[in-house]
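The values are calculated or read from the model by the stated rules, or taken from the named source; none is laboratory data. Because the structure is predicted, anything quoted here is derived from the model rather than measured. Glycine gets a Cβ as well: all are built from the backbone with ideal geometry, and neighbour counts include every protein chain shown. For the accessible areas, the whole protein counts, side chains as well, though only heavy atoms, and no ligand, DNA or RNA atoms are used. Shrake-Rupley method; radii C 1.70, N 1.55, O 1.52, S 1.80 Å.
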Amino acid sequence: MASAMEIGGVTRIRPSSTGAGWGGLAFSRRLSHAFLEAAAVRRAAAGPPPPSDYRGLAVRSVKSSETEGKTMTSLGTSNGPVSPEKVNPAPGLESCELALNPRRKTKIVCTIGPSTNTREMIWKLAEAGMNVARLNMSHGDHKSHQKVIDLVKEYNAQSNGNVIAIMLDTKGPEVRSGDVPQPILLKEGQEFNFTIKRGVTSENTVGVNYDDFVNDVEVGDILLIDGGMMSLAVKSKTADTVTCEVVDGGELKSRRHLNVRGKSANLPSITEKDWEDIKFGVDNKVDFYAVSFVKDAKVIHELKDYLKGCHADIHVVAKIESADSIQNLQSIISASDGAMVARGDLGAELPIEEVPLLQEDIIRRCRSSEKPVIVATNMLESMINHPTPTRAEVSDIAIAVREGADAIMLSGETAHGKYPLKAVKVMHNVALRTESTSASQITQPILANTVQALSDGEFSQSVLSEMFASHATTMANTLGKPIIVFTRTGSMAVLLSHYRPYSTIFAFTNEQRVKQRLALYHGVLPIYMEFSNDAEETFSRAINCLMSVKYLEKGDYVTLVQSGVHSIWRQESTHHIQVRKVQG
């Protein structure tokens with residue numbers, strides 16, 4: 001049976017391994033009310049804090065060691081400015097690696113390209129706020145991408161606990177125009193042709209790389225170049241040529257991306273080139289694949305089966321960027337490990353006014369499915385060429401943060417822009433400021449599973465995990481203090497992230513791969529630490545670790561979570577939440 005004890009105004013919970021005896025939603029409400037009442041009592045009491053000798057509450061003789069040199073007042077790495085000084089670990093904590101300055105919760109994905117593919121720039125991006133390095137396989141070759149992977153891994157090995165995850169973004173079945181010796185100026189009302197004949201180029205005709213292009217388009221379709229920078233209306237077609245009238249003109253350069261509004265090309269989501277790139281990712285143990293132009297869940301299952309056969313621990317993020325993907329949105333999200341709102345092609349294939357509504361819907365669905373979601377494309381587009389953003393771009397970042405995105409992404413801004421570091425700093429500052437005013441406005445998901453029928457008289461492990469993540473979040477929010485979670489798989493840290501606690505989730509893990517993957521998740525600061533066979537020793541070391549860099553102080557309360565199907569210190573799978581007062 002589960003029991004809850006009121007100890008000095010703080011509740012401690014010890015559930016059984018089976019979960020029998022839980023009162024479902026009624027228990028959830030009673031627990032939440034108990035914590036709110038306890039918080040009110042603490043606030044009303046003007047006297048001294050409760051004695052430190054309550055059993056089960058105090059961490060055993062936790063002491064922080066002093067760092068050498070000056071006291072650090074400006075901490076940061078992946079989530080803010082970096083001080084050149086480093087924090088020395090407390091004695092005996094050499095195996096505990098800490099990233100500094102956990103304030104920003106929304107993560108930043110940076111695309112690496114010619115502007116940023118050097119050792120110096122990778123380091124500076126990481127210090128400015130990059131959490132995930134994205135490799136765009138539409139550009140460059142394996143040699144250039146290998147260089148970036150090696151540099152990121154070198155940074156991870158040398159950094160003082162900060163970690164950068166690696167995301168490989170497949171090219172996908174893009175339809176592009178052919179090479180032109182010089183830009184072709186398209187004028188409104190002009191007749192212009194696209195042909196499937198290779199190597200054909202003239203002032204009024206250019207080739208395309210897709211043999212079924214003529215079959216896919218119909219008279220009356222609107223053809224978009226570069227996501228709508230130019231547009232043409234289809235007037236007629238022959239066996240090998242499509243004749244159009246220019247609606248919105250501009251300069252047509254080599255290998256421009258082509259879309260037909262409202263339609264997706266009849267091409268496989270994963271091409272032969274993509275499979276070669278995916279194997280390249282397996283060989284280099286990247287953390288995530290971002291799969292372009294996903295049409296349905298079948299392609300996600302196909303890729304996951306391939307990765308399972310390779311024994312590759314790589315998560316699959318589905319890019320939502322086609323008309324077909326919207327029709328199959330829920331099944332795609334369910335099959336994948338996360339989603340990316342790729343607004344460029346999405347706004348080309350669908351009416352542009354639908355994109356903000358789709359973004360909000362995709363974020364909501366991902367949060368309901370406990371999957372991370374990235375908002376991408378044009379977030380700071382003007383900063384490719386200018387040192388400051390437009391005010392609309394600043395608002396765009398703030399909206400994505402308020403809607404609850406796990407991460408926001410920079411593409412050309414950091415790949416080939418003139419001001420990559422300034423772009424990252426702008427994104428960091430806007431996200432941080434928005435979070436400071438919107439924490440209480442982000443609604444927590446409803447524990448729908450808690451009112452589902454019991455299976456064989458007991459709750460499943462997944463339901464118990466959700467309940468505990470919700471309760472741990474309630475505790476942490478009531479106390480206004482962080483959550484400490486110990487995990488080998490990352491699953492409970494991910495669940496806690498889903499409930500969006502106001503404070504940081506310190507996720508201690510003894511698996512480097514898990515640490516890297518958790519870099520994408522909202523509010524999670526992953527920390528590598530070897531676990532002791534003794535649970536209390538591990539707890540004390542973890543709190544020492546946090547105290548040594550002033551994340552915790554004597555007298556603080558913390559919510560400590562042990563949980564999951566894969567037990568760390570217990571023979572059976574159980575869930576365990578404690579509220580502890582840190583002792584000096």
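Things worth noting here:
- Pair list, Cβ under 8 Å, 6 or more apart: the range 474-488 residue over 19 Å from Asn533 (Cβ atoms) and in the same structural domain as Gln578 (by the TED database), other residue open to solvent by 10 Å² or more (accessible area, probe 1.4 Å) and charged (D, E, K, R): Lys481/Asp556
- Hits in the range 216-236 (condition: under 15 Å from Val206 (Cβ atoms) and either among the acidic types (Asp, Glu) or not assigned by the TED database to the domain that holds Glu251 (or both)): Asp226
- A single entry from Asp283, Asp248 fulfils the requirement of being of a type outside the set (Lys, Arg) and either in contact (Cβ under 8 Å) with a residue 24 or more places away in the chain or touching a strand residue (DSSP E or B) at 6+ places or on another chain (Cβ under 9 Å) (or both): Asp248.
- Residues that are part of a loop (DSSP other than H, G, I, E, B) and modelled with pLDDT of 95 or more, drawn from the range 314-344: Ile314, Asn328, Ser336, Asp337
- Candidates Glu251, Glu203, Glu276, filtered to the one that is within 30 Å of Cys310 (Cα to Cα), of a type in the set (Asp, Glu) and open to solvent by 80 Å² or more (accessible area, probe 1.4 Å): Glu276
- Being outside the structural domain of Glu272 (by the TED database), under 30 Å from Asp277 (Cα atoms) and not polar (S, T, N, Q) is not true of Asp240.
- Test: residue in the range 318-325 that is crowded, with 23+ Cβ neighbours inside 10 Å and among the acidic types (Asp, Glu): yes
- Take the conditions (1) in contact (Cβ under 8 Å) with a residue 12 or more places away in the chain; (2) farther than 23 Å from Val514 by Cα; Tyr155 misses just one of them, which is (2).
- Qualifying residue in the range 157-178 (condition: under 30 Å from Ile108 (Cα atoms) and in a helix (DSSP H, G or I)): yes
- Residue satisfying all of: in the range 394-436; part of a helix (DSSP H, G or I) and among the small types (Gly, Ala, Ser); nearest to Thr106 (Cα to Cα) among these: Ala431
- Residues that are touching a His at 6+ places or on another chain (Cβ under 8 Å) and modelled with pLDDT under 95 within the range 498-521 comprise just one, Arg500.
- Members of the range 499-558 found to be among the small types (Gly, Ala, Ser), touching a Ser or Thr at 6+ places or on another chain (Cβ under 7 Å) and buried (at least 20 other Cβ atoms within 10 Å of the Cβ), listed by number: Ala507, Gly523, Ser548
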